[in-house]
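First comes the structure, then the notes that go with it.
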Amino acid sequence: MRANLNQIFQETYRELRPRAPMPEFRVEFYAFASVNNTIRLRDSKVYVRISDLLEGAPDSVIKAVAHILLAKIYRQPIETAHTSRFRRYVASKDIRAKSHLVRQMRGRKRVQSPHGIFYNLEHIFDELNLRFFHGLLARPQMTWSQIRSRRRLAHYDPAHNTIVVSRVFDHSRVPRYALEYIVYHEMLHLKHPVKLRGSRRCVHGPEFQAEEKLFPELEKAKAFLHHL
Ligand SMILES: [Zn+2]
């Protein structure tokens, strides 16, 4: 059990502002979707929310967070010892694994369904899996997007292990091979993971491209997408 969150903030405040009157602190742990800490000043009260992923962190880490947040809000220089203490802790294996899990649970998209009006994405995936991957790919969550986006046709979201396909493809005018190509492309992203996570960049290395050419209706599908 932690000594006292308020106490840590009061002490840190005193160090940063030795003569200023002590404000009232409301400090709590909060269930953010990732490591996130917020501070705001209202009616001379200081409201602080610290990611509950830091609940088990040593006092020195909480102290570092207090320093960073208070220095920021009172426009004081932030000591690098504190930022590096905090960064080192967040980068540690434990917290990274924990925050990945939490992101999966808390950040899960609310409406998720592979069932469309015309096409079922799970069936498409399973069929392609047998045809092209010997059934060896583990099926991620398959879901239609909530909006009918023409700009973002599909993407694989590694944080939620989900393939999202734009709902524009769930239509009688869309030939099956076009939708299959879209899903096949995302399956190749599953098979060839991009090392750099978090970036939206779609990386298609030489192996990826060679394998994409194995899709028989590739040219037809590309032509269809071009006129979508
Ligand atoms: Zn891609």
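The values are calculated or read from the model by the stated rules, or taken from the named source; none is laboratory data. From a predicted model like this one, the values you see are computed outputs, not experimental measurements. In this analysis, Cβ positions are derived from the backbone assuming ideal geometry, glycine residues included, and neighbour counts consider all displayed protein chains. Only protein heavy atoms, including side chains, enter the accessible area calculation; ligands, DNA and RNA are left aside. Shrake-Rupley method; radii C 1.70, N 1.55, O 1.52, S 1.80 Å.
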**Request:** Would you check if Val203 is modelled with pLDDT under 95, more than 16 Å from the ligand (Cβ to nearest atom), open to solvent by less than 70 Å² (accessible area, probe 1.4 Å) and out of contact with any Ser or Thr (no Cβ under 6 Å at 6 or more places or on another chain)?
**Result:** no
**Request:** Select, from Lys220, Lys213, the only residue that is basic (Lys, Arg) and within 16 Å of the ligand (Cβ to nearest atom).
**Result:** Lys213
**Request:** Go through (1) surrounded by 12 or more Cβ atoms within 10 Å (Cβ to Cβ); (2) more than 13 Å from the ligand (Cβ to nearest atom); (3) closer than 30 Å to Lys98 by Cβ and name the single condition His189 misses.
**Result:** (2)
**Condition met for Arg106 (within 16 Å of the ligand (Cβ to nearest atom), open to solvent by 50 Å² or more (accessible area, probe 1.4 Å) and at pLDDT below 90)** = no
**Request:** Specify the residue that is farthest from the ligand (Cβ to nearest atom); the eligible residues are those in segment 139-165 that are hydroxyl-bearing (Ser, Thr, Tyr) and either modelled with pLDDT of 95 or more or part of a strand (DSSP E or B) (or both).
**Result:** Thr143
**Asked** Looking at (1) outside any loop (DSSP other than H, G, I, E, B); (2) at pLDDT 90 or above; (3) among the basic types (Lys, Arg), can you tell me which one Arg75 breaks?
**Response** (1)
**Asked** Given the structure, is Asp94 closer than 30 Å to Pro158 by Cβ and among the charged types (D, E, K, R)?
**Response** yes
